[in-house]
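What follows is a short report on a single structure.
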């Protein structure tokens, strides 16, 4: 994985494909991780909201970060990205 800045947001890439972004929600000012292939991810901690293709994982800045959850979601997102590359 590598990190980059895209559209002014920090993002993480795997094999030159964007996996996720870090962002801050405008209303609540709370951070979240946006997963690009979130529509295909089925974890209950992810929220789709009004988004068509992406889902987010809200990060509570007042609590410890759940590293195991984030690691699991990143592994799933990478797997989905790899599967998309094989299909093409």
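The values are calculated or read from the model by the stated rules, or taken from the named source; none is laboratory data. Bear in mind the structure is a predicted one, so any value in this text is a computation, not a measurement. All Cβ positions, even for glycine, are placed from backbone atoms using ideal geometry, and neighbour counts span all protein chains on display.
Within region 50-65, the presence of a residue that is modelled with pLDDT of 90 or more, out of contact with any helix residue (DSSP H, G or I) (no Cβ under 9 Å at 6 or more places or on another chain) and assigned to a helix (DSSP H, G or I) is excluded.
Scanning region 48-70 for residues that are within 11 Å of the chain's Cα centre (by Cα) and either free of Cβ contacts under 8 Å to residues at least 24 places away in the same chain or over 12 Å from residue 20 (Cα atoms) (or both) returns 54, 55, 58. Pairs meeting the criteria (first residue in region 1-23 and without any contact (Cβ under 8 Å) to a residue 60 or more places away in the chain, second residue crowded, with 17+ Cβ neighbours inside 10 Å and part of a loop (DSSP other than H, G, I, E, B), beta carbons under 7 Å, at least 6 apart or on different chains) are 18/36; 20/36.
Candidates 80, 73, 69: the one that is part of a helix (DSSP H, G or I), at pLDDT below 90, at negative phi and surrounded by 12 or more Cβ atoms within 10 Å (Cβ to Cβ) is 80.
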